[in-house]
1. Have a look at the DSSP beta bridges in the protein assembly as shown and tell me what percent are antiparallel, nearest 5.
2. Between the stretch A:13-33 and the stretch B:246-269, what is the C-alpha centre distance in whole Å?
3. For B:Val115 and A:Ala250, FRET efficiency with R0 = 56 Å and r from the beta-carbon atoms, rounded to 0.05?
4. From the residues A:Met232, A:Trp182, A:Ala249, which one has its Cα farthest along the dipole of the stretch A:165-282 in the positive direction, the dipole being from +1 and -1 charges on Cβ of Lys/Arg and Asp/Glu about the Cα centre?
5. Just want the answer: with Cβ charges of +1 for Lys and Arg and -1 for Asp and Glu, which residue in B:Val117, B:Ala31, B:Thr17 is farthest toward the dipole's positive end in chain B?
6. Using every alpha carbon pair in the stretch B:70-169, what percent of pairs falls into each 10 Å bin from 0 up to the bin containing the largest distance?
7. Computed from the mean reciprocal separation of all distinct C-alpha pairs, what Kirkwood hydrodynamic radius does the stretch A:93-170 have, in Å?
8. Which ³J(HN,Hα) values in Hz, rounded to whole numbers, follow from the phi angles of the stretch B:251-257 under the Karplus curve 6.51 cos²θ - 1.76 cosθ + 1.60, where θ = phi - 60° and Gly and Pro get x?
Amino acid sequence: MTWLVWRQHRKQLLFAAASLVVFGAFFVGTGRPIHERFDRAGLPGCLPEAMEAPVVVDLAASVPATPGPAPALPEGVDKPPESTTPALDDAALANARCVQDARAFFDDYQNVIFVGLLLLILPMLVGMFWGAPLIAREIEHGTHRLVWTQGISRLRWATTKVGLVSVAVLVITAIYAGMLTWWITPVIQTSGQRFSYVFFDIHGIVVFGYVVFALALGVFAGAVTGRLLPAMATTVVGFIGVRVAVMLAARDHYLPTETRRLPELDTAYSQMRNDLNGDWIVASRTAIDRVECPAGAGDCARQGLERSYELLTIHPARHFWTFQAIETAIFAVLAIGLLIGAIYWTRRRIT
Amino acid sequence: MNDAMVAHGLTKRYRKTVALDRCSFAIPERAIVALVGPNGAGKSTLLHCATGLVQPTEGTITVLGGPAGDRTLPRVGFVAQDAPLYRDFTADELLTMGDKLNREFDLSFARARLVDVGIPLDRRMDQLSGGQRAQVALCLALAKRPGLLLLDEPLASLDPLARREFLSALMDAVAEEPVTVVLSSHLIADLERVCDHLMVLRSGQVQAFGATDELLASHKLLIGPPQRGRPKIAGVERIVSATKAERQVQLLARTSGEILDPAWDQYNVSLEDLVLAYLAERAGEPLLDLEVAGA
């Protein structure tokens, strides 16, 4: 049986291997300049710390703050309040520079998102060209009557065929996902968007979930319809449908959101929120704290009664792999269900 | 003597149609059965039931003493209609497949056989003629050394010369083997030469089944005067078909004994007449009454 599976699928395997070589050449060819630039900018060293800073000084805009016209003073105040600007310490400055470099880097390479869009449909192609024909082509050519009447049971035929092809697809996916993850990591790290719809979906372990799901969907559709083109069409519609539904409707709810309060904005420097840490920001708003002045403290009441700060509703970056694992599990469970369905259907199929 | 294939009330219903309708029969070992019926009579369904490709809705079918399906499949050789083969496989690769998928597969026999019938082992299936592909499919089935060989319309796509070659190859192969053969066809003429049993299938029901010599002995063509109503003739068990000619009525009848009625001339029938009579019969009732009433 193993021999038969190899004989029937060796062309596809060869094609897959050739595709891996092409992808490999592309990833290495375009990835090396990316990595060189990434290293040269010193980003691997500074990013881990800089990513964690919730806000950073906006170097481009604010240092040193240019003195503008003196603000109109409130009545009864004869001089502006003492400048309380603290000196920028080295660490804050380094973080700010690092973030600035990262943004510049990302600006240069964010076009890889378009490549990423192409990679989004790769699993679907596996479903169309490996999954759908697996059983549908046998039935369409009538060869199921040849192979199901040899000396082995239909159950064994189906499990061996589906099993071996799945293993081959997983190995190919592992090689592919490894290359891709190496290639795209610098861009994702400098984007602060590892949860974004493109980046989350094209790297990491979810790729395995998508590929196995697409394969299983193709096999199932082929077993049920017994015809190649309808099976391929079902794979396309089903894959896109389920992926989009999970992405838009389910992913947000894998874990409860957290609330994060950013430090209040320092008026002395122009500061900005640092999104590099990769939190998934679901919502943000500006909130205001009223400062309760101690009774009789007149100054307090005049100077700053209110402190504004940003309040973020987030899925924190540290949950990234949990999210990936949950999403992978969802698709793996769907895939296993579909494969069992396909085998069951094959066993009791009316010919 | 055991029976190679036994059916009891075998019924297969698809969503709207009934493919097999309470079929019961027992095919003795070493019989060569011509399974004859028009297209859609249920011949393929019957053979598929015997291989386990199709599960009957009701009734049972046993082959070689066991239930049809995975357990008996290793000893059943089957060539499906149009002899489906992997088109991009060479003959040798197909035999390798047979070898890998069957515990007892006679690979050297199969190779030698293909060479005998003049099929190069390295030739791909899509480069062979229909007749050659049928030979490869037959060879694949024979190499299982089956106790039961089922061939679904093996001659349908072959030209007359290829039909003869196929049948003689088949007969050579099974002559010495303890194998039961069931061949289906919508024409009896193809199989008359080789079969020793006949099963006529129509609308999913077995119309006639038996050894050909017994069937021929028990059916007569009776020619007699036109008459009103159904003729009652001593020795006639059943009138299979009736046609009215100029001034006479022709009956094809199954007899249960000598026919002594002098009003009726009796003639022997050919297998083809017999099959046609069973297939022409409509809804189980001969048309005699109508036709004679109009005379």
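1. The antiparallel fraction comes to roughly 75 percent.
2. If we compute the Cα centre of each part, the gap is 83 Å.
3. Calculated transfer efficiency: 0.35.
4. So the residue we want is A:Met232.
5. It is B:Thr17, whose Cα lies furthest towards the positive end.
6. Binned Cα distances yield the sequence 17, 52, 29, 2.
7. 16.7 Å
8. Calculated HN-Hα couplings, in order: 10, 9, 10, 8, 9, 10, x Hz.
Values in this text are rule-based calculations from the coordinates and carry no lab data. Since the model is a prediction, treat every value here as computed from it, not as a measurement. As a convention, Cβ positions derive from the backbone with ideal geometry for all residues, glycine included, and neighbour counts pool all protein chains shown.
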